[in-house]
Amino acid sequence: MARKQEPQWPPWDAETVRRLRQELGLTQQELAEELGVRQQTVSEWETGAYRPRGASVKLLRIVAERSAQADYGKPRPGARPGEPPPETGGPGEAETP
């Protein structure tokens, strides 16, 4: 029986790893500690020498999802206190005439 391969979301290329780390406000060392890898490994991901694989991909996905959930509901930069988030135009939202 063939093993089902999980989709790679997002594609963990050098730029994506660097952007996630920077958005989290972490150093390479701090991200490495979060993931249980060496700082050199994070550096190699960010320079494109290697790509995350296996358990590292799963951990990066968890960290990214946790970050996205933590950011949900935070005020937007420049928003006035109490100002609601902008309309997303998502499914189920009525159009304004």
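The values are calculated or read from the model by the stated rules, or taken from the named source; none is laboratory data. Quick caveat, the model's predicted, so the values are computed rather than measured. Cβ atoms come from the backbone with ideal geometry, glycine included; neighbour counts cover every protein chain shown. Surface accessibility is based on the protein's heavy atoms, side chains included, excluding ligands, DNA and RNA. Shrake-Rupley method; radii C 1.70, N 1.55, O 1.52, S 1.80 Å.
The condition of being at pLDDT 95 or above and of a type in the set (Gly, Ala, Ser) holds for only one of Ala32, Ala2, Ala70, that being Ala32.
The residues of region 36-64 that are open to solvent by less than 30 Å² (accessible area, probe 1.4 Å) and of a type in the set (D, E, K, R) amount to a single one, Glu46.
Flag: Trp9 does not match the condition of being modelled with pLDDT of 95 or more and aromatic (Phe, Trp, Tyr).
If the condition is being within 13 Å of Val37 (Cα to Cα) and either of a type in the set (Phe, Trp, Tyr) or touching a helix residue (DSSP H, G or I) at 6+ places or on another chain (Cβ under 9 Å) (or both), then region 56-69 contributes Ser56, Leu59, Leu60.
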